[in-house]
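Everything on this sheet refers to the single structure shown next.
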């Protein structure tokens, strides 16, 4: 199938066809996910968008979990999607549901990745800034509950569409980076394409300690692939990205 000559509707239908059941290119890890969960338009009612956000979060958890799986003895969710939002009893005795977890061979919890998303623009402003502060506070509250867990890393990821990089002279993406900076734990903005058929499912991650471009999607040289993200999180290597602590401007 020639993606350049295909409408988005035709492409999503292709993904659901038998011939479309193939592994997505490495550069488009969310390709099948977006085809399967049928993103509604920004003008759909709130219930439809809420249902999509829940489906997206489940699929994103599987994606991140599968990427981390080679680095831990046990990971939730499982590759088949079971053990979504696994309930874990903390050392404090409190039970908590967690998006993605990594455990060592002795079943000690070693990593938690909490996932949030802002999937639709605000109908009044046309921007993706609504609820960003609330999502940040949710991550901070979760990190606080896990603060006494020994030898465990906590990571926060908020997913936003590429469109959030293009929605103003200072984009919603840049705003989110500023809000999430200073959390006290590693935090990333996960950017994905949901509109352009030729790059549908493209995914890149941006560490919030870096300086974001005021407008526009960060370049490949100034963002992380899923593999580079995992290497940073598991200390298996250092992602070789230009201007590690510099600015994306210019």
Consider the stretch 181-200. How many of its residues are part of a loop (DSSP other than H, G, I, E, B), touching a strand residue (DSSP E or B) at 6+ places or on another chain (Cβ under 8 Å) and either surrounded by fewer than 21 Cβ atoms within 10 Å (Cβ to Cβ) or at pLDDT 95 or above (or both)?
6
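Residue-wise test of (1) over 20 Å from residue 181 (Cα atoms); (2) modelled with pLDDT under 95; (3) touching a strand residue (DSSP E or B) at 6+ places or on another chain (Cβ under 8 Å).
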| residue | (1), (2), (3) |
| --- | --- |
| 97 | yes, yes, yes |
| 108 | yes, yes, no |
| 113 | no, no, yes |
| 121 | yes, yes, no |
| 131 | no, yes, no |
| 147 | no, yes, no |
| 152 | yes, yes, yes |
| 155 | no, no, yes |
Only unsatisfied item for residue 141, checking (1) in a loop (DSSP other than H, G, I, E, B); (2) surrounded by fewer than 15 Cβ atoms within 10 Å (Cβ to Cβ), is (1)
Within the stretch 122-135, identify whether any single residue is in contact with a helix residue (DSSP H, G or I) (Cβ under 7 Å, 6 or more places away or on another chain), within 30 Å of residue 173 (Cβ to Cβ), surrounded by fewer than 15 Cβ atoms within 10 Å (Cβ to Cβ) and touching a residue at least 12 places away in the same chain (Cβ under 8 Å), and answer yes or no.
yes
So residue 235 fits all but one of (1) more than 22 Å from residue 70 (Cβ to Cβ); (2) at pLDDT below 90; (3) surrounded by fewer than 21 Cβ atoms within 10 Å (Cβ to Cβ); what number is the exception?
(1)
Only residues that are surrounded by 14 or more Cβ atoms within 10 Å (Cβ to Cβ), under 21 Å from residue 189 (Cβ atoms) and over 9 Å from the mean Cα position of the chain (by Cα): list them for the stretch 51-62, please.
52, 53, 55, 56, 58, 59, 62
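The values are calculated or read from the model by the stated rules, or taken from the named source; none is laboratory data. Quantities reported herein were computed from a predicted structural model and do not represent experimental measurements. Positions of Cβ are generated from backbone atoms using ideal geometry, with glycine treated the same way; all protein chains shown enter the neighbour counts.
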